[in-house]
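Here the structure is laid out as structure tokens; the discussion comes afterwards.
The values are calculated or read from the model by the stated rules, or taken from the named source; none is laboratory data. Just so we're clear, the structure is a prediction, and the values are computed from it rather than from any experiment. Neighbour counts are summed over all protein chains in view; Cβ atoms, including those assigned to glycine, are modelled from backbone coordinates with ideal geometry. For accessibility, only protein heavy atoms count, side chains too; no ligands or nucleic acids. Shrake-Rupley method; radii C 1.70, N 1.55, O 1.52, S 1.80 Å.
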Amino acid sequence: MRGSGMEDFPPMRPVSVQPEGPSPAPLWKRGAVVLLVVVTVVASSSLRGGSPTASVIAGVLVIGGCGLFTASIFRELRENRTNLIRWWGRQEVQPHSTDLLSMLGSSLAGIGAVILTFDDSIPWPLPIVAVFAFMMLITASLYIPHNRRVRRLHNHF
């Protein structure tokens, strides 16, 4: 008569449960982002500075870029739901080695801001300072409440 049947199974090997490092985004995605930024720079260089068309395109680039940058912050907060967000350096949970949303968003917003500096009716540093200030304010306004919530969560246990 056989026992419990456990003799039939080989002994288990120890399994490593250490987290893997961040995985790089696929090459085609990184290439597409870089190509999009290069095409945007080349196309925007052909615009006549200060024209209404240039201002509209620049506005779309700034708004779209800031939207993508904000989406990358929201994704980072979602991925680090129970972890404090560091102000400098890599986050505890960072599944991708390159944040394409942030990279594309900040590039497009920066290109749009530079195009707007050619408009004579806008003081030249204002668009660049405004985009930079927006990115800093949106980051701080989302990181600070997140970190407070996580601290409260960890203090209750």
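Is it the case that the range 121-132 has a residue that's at pLDDT below 90 and of a type in the set (S, T, N, Q)? Yes, the range 121-132 contains a residue that is at pLDDT below 90 and of a type in the set (S, T, N, Q). Of everything listed in (1) open to solvent by less than 40 Å² (accessible area, probe 1.4 Å); (2) closer than 26 Å to residue 49 by Cβ; (3) under 11 Å from the mean Cα position of the chain (by Cα); (4) not polar (S, T, N, Q), the single unmet condition for residue 127 is (3). Scanning the range 131-155 for residues that are surrounded by 15 or more Cβ atoms within 10 Å (Cβ to Cβ) and either among the hydroxyl-bearing types (Ser, Thr, Tyr) or outside any helix (DSSP H, G or I) (or both) turns up 139, 143. Scanning the range 35-69 for residues that are hydroxyl-bearing (Ser, Thr, Tyr) and in contact (Cβ under 8 Å) with a residue 12 or more places away in the chain, we see that the one that is nearest to residue 105 (Cα to Cα) is 40. For beta carbons closer than 6 Å, sequence separation of 6+ or different chains, a first residue in the range 74-91 that is within 18 Å of residue 151 (Cα to Cα) and in a helix (DSSP H, G or I) and a second that is open to solvent by less than 100 Å² (accessible area, probe 1.4 Å) and β-branched (Val, Ile, Thr), the qualifying pairs are 79/93. In the set 30, 48, only one residue is at pLDDT below 90 and surrounded by 14 or more Cβ atoms within 10 Å (Cβ to Cβ); that residue is 30. Under the condition of being open to solvent by less than 30 Å² (accessible area, probe 1.4 Å) and either within 26 Å of residue 127 (Cα to Cα) or at pLDDT 95 or above (or both), the residues counted in the range 62-84 number 7. Tell me, yes or no, whether the range 106-115 has at least one residue that is among the small types (Gly, Ala, Ser), more than 15 Å from the chain's Cα centre (by Cα) and open to solvent by 30 Å² or more (accessible area, probe 1.4 Å). Checked against the condition, which is being among the small types (Gly, Ala, Ser), more than 15 Å from the chain's Cα centre (by Cα) and open to solvent by 30 Å² or more (accessible area, probe 1.4 Å), the range 106-115 yields no hits at all.
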